[in-house]
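The values are calculated or read from the model by the stated rules, or taken from the named source; none is laboratory data. Predicted model only: the values in this text are computed from it and were never measured. Because the Cβ atoms are built from the backbone with ideal geometry, glycine has one as well, and the counts that use them run over all protein chains shown. Remember, those area values only see protein heavy atoms, side chains included, never the ligands or the DNA or RNA. Shrake-Rupley method; radii C 1.70, N 1.55, O 1.52, S 1.80 Å.
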Amino acid sequence: MARESRERRTEERESEFVDKLVHINRVAKVVKGGRRFGFAALVVVGDQKGRVGFGHGKAREVPEAIRKATDAAKRALIRVPLREGRTLHHDVAGRHGAGKVHLRAAPPGTGIIAGGPMRAVFETLGMQDVVAKSLGTSNPYNVVRATFDALKHQDSPRAVAARRNVKVSALQARRRDVEVEQAAAD
């Protein structure tokens, strides 16, 4: 009986995640009888509530490579703080190798304005409004890693307030003052 409930909990946990296949790479190894093909898969997994991860899997068959990548992604989840559950708290840049990305917070109704690999990350993360630009390489592995680097540098007002030993309301008041000044300057 305990085993059945444990399996049910595991299935519920599995079903809460959304996974997106970002890229499949086919490689050939030349052997005596001809070519042996292998496949590498890049998968992004998220719960659409602020947790997201990516994984890489390699196997002889595509479904097995995707399964391995999905398992790796579920083991490597990170939590990203979202403003109002829909966008970033502040603009941020990330890089990995030759891949560089710039992510900007966006007003409601903007949608996800981003290229392929980044779009998969934002959709599985549950972000609804963001403007993103990928610079440098278009290699999906490096673009995804650069996006995760940027997301890891995302801070919530609560974390910033705790680090500075001030109240969150004081930070929010400062933010509103800056927005009013910018509006007056425009």
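To keep it simple, each residue is scored yes or no on (1) of a type in the set (D, E, K, R); (2) modelled with pLDDT under 90.
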site	(1), (2)
13	yes, yes
24	no, no
72	no, no
82	no, yes
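Any chance you could count how many residues in the range 22-64 are assigned to a strand (DSSP E or B) and either touching a residue at least 60 places away in the same chain (Cβ under 8 Å) or in contact with a Pro (Cβ under 6 Å, 6 or more places away or on another chain) (or both)?
Count: 10.
Does residue 117 fit the bill of being part of a loop (DSSP other than H, G, I, E, B), touching a His at 6+ places or on another chain (Cβ under 8 Å) and open to solvent by less than 40 Å² (accessible area, probe 1.4 Å)? Criteria not met by residue 117.
Of all residue pairs spaced 6 or more apart or on separate chains, those with beta-carbon atoms under 8 Å, a first member in the range 121-133 that is free of Cβ contacts under 8 Å to residues at least 40 places away in the same chain and open to solvent by 20 Å² or more (accessible area, probe 1.4 Å) and a second member that is of a type in the set (S, T, N, Q) and not in a strand (DSSP E or B) are 131/110. Restricting the range 146-168 to residues that are open to solvent by 80 Å² or more (accessible area, probe 1.4 Å) and in a helix (DSSP H, G or I) leaves a set whose member that is modelled with the highest pLDDT is 152.
Taken over the range 48-68, the criterion of being within 17 Å of residue 121 (Cβ to Cβ) and either charged (D, E, K, R) or open to solvent by 60 Å² or more (accessible area, probe 1.4 Å) (or both) is satisfied by 48, 49, 51, 56.
When you check residue 79 against the structure, is it closer than 20 Å to residue 154 by Cα, in contact with a helix residue (DSSP H, G or I) (Cβ under 6 Å, 6 or more places away or on another chain) and surrounded by fewer than 19 Cβ atoms within 10 Å (Cβ to Cβ), yes or no?
On the way: closer than 20 Å to residue 154 by Cα: yes; in contact with a helix residue (DSSP H, G or I) (Cβ under 6 Å, 6 or more places away or on another chain): no; surrounded by fewer than 19 Cβ atoms within 10 Å (Cβ to Cβ): yes.
No, not satisfied.
Checked against (1) in a helix (DSSP H, G or I); (2) touching a residue at least 24 places away in the same chain (Cβ under 8 Å), residue 173 meets all criteria but (2). Inspect the range 79-93 for any residue being polar (S, T, N, Q) and part of a loop (DSSP other than H, G, I, E, B) and give the result as yes or no. Scanning the range 79-93, I find no residue that is polar (S, T, N, Q) and part of a loop (DSSP other than H, G, I, E, B), so the answer is no.
Answer yes or no: is there a residue in the range 98-109 that is of a type in the set (Val, Ile, Thr), closer than 25 Å to residue 84 by Cα and either at pLDDT 90 or above or touching a strand residue (DSSP E or B) at 6+ places or on another chain (Cβ under 6 Å) (or both). Yes: the range 98-109 contains one or more residues that are of a type in the set (Val, Ile, Thr), closer than 25 Å to residue 84 by Cα and either at pLDDT 90 or above or touching a strand residue (DSSP E or B) at 6+ places or on another chain (Cβ under 6 Å) (or both). Annotation for the range 68-86: no member residue is more than 17 Å from residue 148 (Cα to Cα), over 18 Å from the mean Cα position of the chain (by Cα) and of a type outside the set (Lys, Arg).
The test for being more than 30 Å from residue 158 (Cβ to Cβ), open to solvent by less than 50 Å² (accessible area, probe 1.4 Å), within 12 Å of the chain's Cα centre (by Cα) and not aromatic (Phe, Trp, Tyr) does not hold for residue 45. Look at (1) open to solvent by 50 Å² or more (accessible area, probe 1.4 Å); (2) part of a helix (DSSP H, G or I); (3) touching a Gly at 6+ places or on another chain (Cβ under 6 Å); (4) not aromatic (Phe, Trp, Tyr) and you find that residue 71 fails only one, number (3).
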